[in-house]
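Everything below concerns the one structure shown next.
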Amino acid sequence: MTAVNTTGAGAFLARHEGLRARLPGAGLPWVVAMREAAAAAFRAQGFPTRRVEAWRYTDLAAVNGTVFGEALTGVDDALALPATGNSRAVFVDGRFRADLSTLDGLGYTVESLAVALPSLEGRLGAVARPAEQALAALNGMLFEDGLVVTVPAGVAGGVLELLSFATLSDRAPAYHPRHLVRLAEGASLTLIETAAGPAAARYLHNPVFEIEVAARARFNHGRLQQEGLDAFFLSTVYAAVAEGGTYDNFTLNAGARLARNEIHVALAGPKAECHMNGVQLVADGQHADTTTALDHAAPDCASRQTYKTVLAGRSRGVFQGKILVRKVAQKTDGYQMNQALLLSPDAEIDSKPQLEIYADDVKCSHGATVGELDADNLFFLRSRGIPLEQAKAILVEAFLTEAVEAVADEAIRAALSGAVSGWWQRQGVAGGIEVA
Amino acid sequence: MPAVTETLETVQSVTEGGYKWGFETDIEMEFAPKGLNEDIVRFISAKKNEPAWLLEWRLKAFAMWKKMEEPSWAAVSYPKIDYQDAYYYAAPTQKVKPKSLDEVDPELLKTYAKLGIPLKEQAILAGVEGAGDTPADGGRMPIAVDAVFDSVSVATSYKERLAKDGIIFCAISEAVQEHPELVRQYLGTVVPQADNYFAALNSAVFTDGSFVYIPKGVRCPMELSTYFRINAKSTGQFERTLIIADEGSTVSYLEGCTAPQRDENQLHAAVVELVALDDATIKYSTVQNWYPGDAEGRGGIYNFVTKRADCRGARSKVSWTQVETGSAITWKYPSCILRGDDSVGEFYSVAITNNRQQADTGTKMFHIGKNTRSTIVSKGISAGRGQNTYRGLVKISPKAAGARNFTQCDSLLIGDECGAHTVPYIENRCMSAKVEHEATTSRIAEDQLFYCRQRGLSEEDAVGLIVNGFCREVLKELPMEFAVEAQKLLQISLEGSVG
Amino acid sequence: MLKIENLHATVDGKQILKGLTLEIAPGEIHAIMGPNGSGKSTLSYVLAGREGYEVTEGSVTYKGQDLLAMEPEERAVAGVFLAFQAPVELPGVGNANFLRTALNAVRRAKGESEVDAIQFLKLARARMKVLNMPDDMLKRPVNVGFSGGEKKRNEMLQMAMLSPTLALLDETDSGLDIDALKMVADTVNSLRGPTFSALVITHYQRLLNHIVPDHVHVLSAGRIIRSGGPELAQELEATGYAASVAAA
């Protein structure tokens, strides 16, 4: 046994050792077994280095080198949230806050994972793969809370908001919420998730989603990641979609100093569909990574992906997207496009789209483009009297349109537009954009 | 029977008969002892009568190789290679270069005839003095040929004629003797000894290969061609090719390969280095037809090759064209370092995998100079149980202002037992660069097949026609003679597979 | 020449042809007219042997042979030519290469010598002149980027070059202007003779003003409900299909 680690994987493993008896579900043998398995997986993998192919472009050294503390239990009741009229579940520093949430008359169930845990045997861990994804293993080892959403068959769940806030703390808290969403046959739900925190706060937000979409159910999942600019946001989403079901994911990746938005979708039943769209807005000092893995595991499924990355200042953007078509997945229709716009000479974009195809009767394609704002277009707008900064804003917005318009849900689209223009204004002021 | 099902079945029913180059030539060979150690490296160097610096260079490479690990990132799988169980030197026992055709081993001549390469120049190739000074075929542009047989270059044709323009085209072992200053100046400057595992191995034990130098301002008057053949059993082939195009020069170089049918796997680990100075152009075309193994995946060549071009000069241009139909495993990424401003890199590739062949091939384009441009067109065809991967890197450095890349990767699947994979990497650190990448995967459409058959084409011909059409953008980049050969080869590779 | 008896065929398990009987003698031109969905295109695909068109009952003999037992290319070299309603694009495949390969396949079957590239070009250019096709259409990939009219011209070029004994024209007239329509008719008429038969499938009567058929049949719900001479086409044009369908 070596000295106690204060940073890195060792620190988290030690924390698990120390908290073993106190973590939620400590009295439930199946939970304990699951945590031990996750701990073993995390011990084996550690924080992935760039030598791991899936992490080739994203360096977790800063996470690895940070001394994280525990998230303190709910201290802040001063949080004033504007009402939106939607139902919502609020998490503060990784813990569910019933007092801040509005969850009346839903027609479906929304619970805190910490509370619902005894009833989740067989469901918790059904889709996550901690043995393959180290961060899911870390989450599996240390999760304390999360949201459990269960929509019964045929129920149209409407819009639910999931707000996740970090408070200012000098302890650099790390929290690992585990969210479960299950839509029974023919059910539908729109979940709009906002993750945010104070600009100066350093924390690690490491959520894992396990999503099950049953036959002919439809889940719209909108995510607005606007964490504080010193935060680490490492998120892993797993979704399994059954016959005729649809999973729509839209992610705005705009906050955090280092953000990884990793999505694994399995189209497990025939005629299932998946749309994944996203916008990454990366400003000076930020690193944003979107990594998708689409597993076509049944015939006649369709998938569509459009991702756009805008980079300003000294920043780095990453897109990795793999489409796997298994032998059984005949008649697959898979499409993926990722595009990046560089607004600064100090920005870097790394893109790795990938096709892995084992069925012959398929239509699969991907495309990638990288470039700067079109000088002719810019000149045209300016020749019509539009000031340079505004002209750029117009062109950037046009660049993003395709990804934003692909979002089927109006509520998500509206939330997104607001976030985009807000980001843009901040960039204009910060002067992070290079004049072409 | 439905046409598509039939295609599948026929693809699966490929037989050994598909490989038409699987003969073995029975000629006297000289071998170094099996195995690999410093003594073997010294033996090879001594056999080639090499200067001390080259021996040192080899030994340094060997020392580095011993510390390296065989790469495992490619999407190919094969049993562990026992590097001690192969011969690293095998040469026809022919001491002096022949002065007339009669002096040439008749078995060797038969081999040339069977190769069917543009060997109307056989006499010339066999080294008959003066034969190269008149066009071989009624004024048709001749092709100068260097043939590498297992470990040594056996003959180079048209040397005298080329020498009139100051062009050097000879075996690299000969260049070491005749032009040591050029070899020493450029060898290993594009692919350093420790570049990768197989390049290090090659640097230690390379036995022969071609050397080309085109002087300033010279447009090489004919195609230069090297024909590689692995013949002896349990022999690795480690040829090394070095081509230098000096300022303002132009050259087109062709490379062809075959090997006999054998149950065991044989290793081919070549290194090709190209250097293009200011305003120089090199066109490098390969038709790779190493023995692919039989329908069950027994035997076949492991083709682990490092090819790289250094576009050192401004406005230089290197164009790689490859048609890869052979080998059990292909691991190959002909690359361009676009260092000179306005330099251009191109990569055109057709790769077919049938039966149990595996190919992991593509290119790397490193944009360093300003306004550098690259084009990548890759056509992958998977049939039988073949696995075909395009792997490519486009990397743009911060200084490569105005850099452009366009990449098109298309995959065609024939049957549902095969795989087609596309793994492009784009790394851009330059704001004004523009990169476009497109990839598609499809199969031969039922309506295309029916349309052709309704016009009277057999299913096999229809598939051949459609596949050739699919590859057209690449095939048109090949020099005329090679294009015809490549088209036939495509058909043959799928033949026995279809129809 | 061609004898179709009680032909039943399904597509995707759906019964489309339900007992079609038709006989075409050498040198005759028959027209088949009928509303959408009556089975016109299915008939042409069944005769040409397309995958997915399953014959469940009945027989087709062509020059005394069981046509249905033959592979598509065997039917083609035996003289059955289908002019496609939507000609297929073959990216990268040169039109000349394609047509010469087809021509030589047909010639081989007839026991004739194959034509080389030069002979072929001579033959093709002569035909193209008649069809008012520019030479560069030979260089372009088959049907890729062709306009609707160019595609149909290309079909006619192929038909003229391959000189079939039985031509199946599957709504070749759809979407054509009057000049192109005349081109189609001229090509068919130029082939007309004692050894050339044709089955002209069309929705409208106007093509039949230019190709005067010997017999006209009305196809409805998978069977022939009326037959007559050229005047039947005129009548249908005036009264529509509904009356015939109702009467049947």
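FYI, it's all coordinate maths here, none of it is from the lab. Note that the structure is a prediction, hence the values are computed from the model and not measured. Note that we place each Cβ from the backbone using ideal geometry, even for glycine, and neighbour counts take in every protein chain shown.
Quick look at the numbers
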{"item": "DSSP bridge pairs, the protein assembly as shown: antiparallel proportion in percent, nearest 5", "result": "15 percent"}
{"item": "Separation of alpha-carbon centers, the range C:42-101 and the range A:31-52, rounded to whole Å", "result": "61 Å"}
{"item": "Candidate lysines - alpha carbon under 27 Å from residue B:216, same-chain residues fewer than 8 apart omitted", "result": "B:159, B:164, B:283, B:307, B:317, B:370"}
{"item": "Ordering of A:190-201, A:312-323 by burial proxy (mean other Cβ atoms within 10 Å per residue, highest first)", "result": "A:312-323, A:190-201"}
{"item": "Chain A: DSSP helices with Cα axial extent of at least 15 Å and average Kyte-Doolittle hydropathy no lower than -0.5", "result": "A:8-19, A:29-45, A:388-405, A:410-430"}
{"item": "10 Å Cβ neighbours from other chains, averaged over peptide C:74-84", "result": "3"}
{"item": "Nearest-ten-degree value, helix C:95-110 long axis tilted from longest Cα axis of chain C", "result": "70 degrees"}
{"item": "Sites residue C:23 and residue C:209, calculated FRET efficiency, Cβ-Cβ separation with R0 22 Å, nearest 0.05", "result": "0.30"}
{"item": "Global size of chain C as Cα Rg and Dmax, reported in angstrom", "result": "17.8, 57"}
{"item": "Peptide A:340-352 - average C-beta neighbours from other chains (10 Å radius)", "result": "5"}
{"item": "Of A:363/C:110; A:392/B:476; A:271/A:308, those spanning more than 31 Å from alpha-carbon to alpha-carbon", "result": "A:363/C:110; A:392/B:476"}
{"item": "For the protein assembly as shown, radius of gyration divided by Kirkwood radius, i.e. Rg to Rh on alpha-carbons", "result": "1.02"}
{"item": "Residues of the range B:429-453 with amide N under 19 Å of the 7 Å Cα→Cβ point at residue B:399", "result": "B:429-434"}
{"item": "Straight-distance crosslink candidates among aspartates and glutamates, where the alpha carbon sits under 18 Å from residue C:14 and sequence neighbours closer than 8 are dropped", "result": "C:51, C:54, C:57"}
{"item": "Residue C:14-residue A:14 pseudo-label distance in nm [points 7 Å out on the Cα-to-Cβ vector]", "result": "7.0 nm"}
{"item": "Residues in the range C:16-52 reached by a label modelled at residue C:243 [backbone nitrogen below 18 Å; 7 Å Cα→Cβ]", "result": "C:33-35"}
{"item": "Computed E for residue C:59/residue B:375 - FRET, C-beta separation, R0 45 angstrom, nearest 0.05", "result": "0.20"}
{"item": "Listed residues A:65, A:245, A:122, most fluctuating in chain A (Gaussian network, C-alpha, under 10 Å)", "result": "A:122"}
{"item": "Packing-based exposure ordering (other Cβ within 10 Å, fewest first) of A:352, C:152, C:129", "result": "C:129, A:352, C:152"}
{"item": "Computed over the range A:12-374: relative contact order in percent, which uses C-alpha pairs under 8 Å that are six or more apart", "result": "10 percent"}
{"item": "Calculated FRET efficiency for the pair residue A:44/residue B:298, C-beta based, R₀ 25 Å, to 0.05", "result": "0.10"}
{"item": "Computed lengthening from residue A:414 to residue A:64, 0.36 nm per intervening residue step minus Cα-Cα distance", "result": "122.4 nm"}
{"item": "Principal axes of the range C:179-230: Cα extent on each, largest first, Å", "result": "32, 27, 17"}
{"item": "Relative packing of peptides A:396-404, C:55-63, B:198-206, B:434-442 - highest average C-beta neighbours within 10 Å first", "result": "B:198-206, B:434-442, A:396-404, C:55-63"}
{"item": "Point-to-point label distance, residue B:488-residue A:26, nm (Cα→Cβ direction, 7 Å offset)", "result": "7.9 nm"}
{"item": "Mean separation of Cα contacts under 8 Å (6+ apart) over length of chain C, as relative contact order %", "result": "28 percent"}
{"item": "Computed Kirkwood radius, in angstrom, where 1/r is averaged over Cα pairs of chain A", "result": "22.1 Å"}
{"item": "Shielding by other protein chains, B:459-466, mean Cβ within 10 Å", "result": "4"}
{"item": "Projected label distance in nm at residue A:153 and residue A:426, using a 7 Å step from Cα toward the beta-carbon", "result": "4.6 nm"}
{"item": "Ordering of C:230-242, C:202-214 by burial proxy (mean other Cβ atoms within 10 Å per residue, highest first)", "result": "C:202-214, C:230-242"}
{"item": "√(5λ) per eigenvalue of the Cα gyration tensor, the range B:402-499, largest first, Å", "result": "32, 17, 12"}
{"item": "Extension reserve of the residue C:121-residue C:190 stretch, reckoned as 0.36 nm per residue once the Cα distance is removed", "result": "22.8 nm"}
{"item": "Cβ charges +1 (Lys, Arg) and -1 (Asp, Glu), total dipole of the protein assembly as shown, debye", "result": "1260 debye"}
{"item": "DSSP beta bridges in the range C:2-247 [antiparallel fraction, %, rounded to 5]", "result": "60 percent"}
